[in-house]
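Below: the structure, in structure tokens.
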Amino acid sequence: MGSPDYVWEKLFVAIDCMCGDGDFIQRLKDATISALMRLDESDLDGELGDDLSYILGWTKNNLFNGKLQRLPDELERKKLIEKMMHVMLETYRQ
């Protein structure tokens with residue numbers, strides 16, 4: 001299992017990418033390559049682990065030869081962003 005601090009750091013970078021320029025797919029690809037490729041499902045457990053698995057399912061595990069294989073629809077996009085925010089907020093240490 002990885003460090004919650006490390007997961008927080010990678011989610012912070014990923015969310016920053018998601019707020020950048022370009023269309024959604026390019027921002028998602030940037031977030032994946034810049035940060036989420038370094039995470040594994042086993043880095044967190046419980047509910048946060050489930051959320052991380054969902055995130056990696058649309059990012060790291062969905063990237064092949066530099067291209068996203070499946071594209072999330074509007075509902076899946078919303079759920080993905082909510083889960084990214086949830087994991088980042090819950091792993092924040094002051």
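In the elastic network of the chain, a GNM with C-alpha springs shorter than 10 Å, the most mobile of 57, 46, 20 is 46.
In a GNM of the chain with a 10 Å cut-off on Cα contacts, which of 64, 24, 12 has the highest mean-square fluctuation? Fluctuation is largest for 64. Phi-derived couplings, Karplus 6.51 cos²θ - 1.76 cosθ + 1.60 at θ = phi - 60°, listed residue by residue for segment 61-68: 7, 10, 9, 9, 6, x, 10, 5 Hz, with x used for Gly and Pro.
Placing unit charges on the Cβ atoms only, positive for Lys and Arg and negative for Asp and Glu, gives the chain a dipole magnitude near 340 debye about its Cα centre.
Residue by residue, segment 74-81 carries 3J(HN,Hα) couplings of 4, 5, 5, 4, 4, 5, 4, 5 Hz when phi is fed to the Karplus relation 6.51 cos²θ - 1.76 cosθ + 1.60 (θ = phi - 60°); x denotes Gly or Pro. For segment 41-55, putting each phi into the Karplus relation 6.51 cos²θ - 1.76 cosθ + 1.60 with θ = phi - 60° gives couplings of 4, 7, 5, 9, 10, x, 4, 5, x, 5, 5, 5, 4, 4, 4 Hz, in residue order, rounded to whole numbers and with x for Gly and Pro. PRE reach from residue 77 (point 7 Å along Cα→Cβ): which of segment 8-52 fall under 11 Å by backbone N? Answer for segment 8-52: 23-28. Provide the FRET efficiency to the nearest 0.05 for the residue 64-residue 85 pair, computing r from the beta carbons and using R0 = 35 Å. Rounded to the nearest 0.05, the efficiency is 0.85. Result for the chain in a Gaussian network model with C-alpha springs under 10 Å: among 83, 67, 29, the largest mean-square fluctuation is at 67.
Each value in this text was obtained by applying a stated rule to the coordinates, not by laboratory testing. Everything numeric here is computed off the predicted structure, so don't read it as measured data. Cβ atoms come from the backbone with ideal geometry, glycine included; neighbour counts cover every protein chain shown.
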